[in-house]
Amino acid sequence: MKLLYLHGWNSAVGGVKPTSLRSLGHEVIEPALDHDNFKLALATAQAAYDASQPDVVVGSSRGGAVAMNLRSGHARMVLLCPAWKKWGAAATLKPGTIILHSRGDDVIPFA
């Protein structure tokens, strides 16, 4: 399966999560998102989406906020502890979106 993985704020390309997804046999597209400029991060993610047409978009933390603001067509969406209240303008989820989060997260509140 082809995945577009969008990393969190100040996270590095090639981290544990995308590496784990690759080890499971997925093709993972992982653009380096700008850490300081949300609009630039979104433009980079949109270009990667448009070029790769992935089956699933996976967004982690700030990458989840980026994912929520993508024009993602028919791709399914999985958000890991999405930081949507802090970044971007999206206030609703794409139908069928899966959110994985923990009440024990000390960075992105569960609420």
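The values are calculated or read from the model by the stated rules, or taken from the named source; none is laboratory data. These numbers were taken from a predicted model, which means no experiment stands behind them. Because the Cβ atoms are built from the backbone with ideal geometry, glycine has one as well, and the counts that use them run over all protein chains shown.
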Quiz prompt | Number of the condition not met by VAL57 [criteria: (1) under 22 Å from HIS74 (Cβ atoms); (2) β-branched (Val, Ile, Thr); (3) without any contact (Cβ under 8 Å) to a residue 12 or more places away in the chain] | solution = (3)
Quiz item: Between residues in the range 78-107 that are among the polar types (S, T, N, Q) and residues that are buried (at least 18 other Cβ atoms within 10 Å of the Cβ) and at pLDDT 80 or above, which pairs lie under 6 Å by C-beta distance while being six or more apart or on different chains?
Solution: THR97/MET77
Exercise. State the number of residues belonging to the range 34-60 that are touching a helix residue (DSSP H, G or I) at 6+ places or on another chain (Cβ under 8 Å) and among the aliphatic types (A, V, I, L, M).
Key: 5
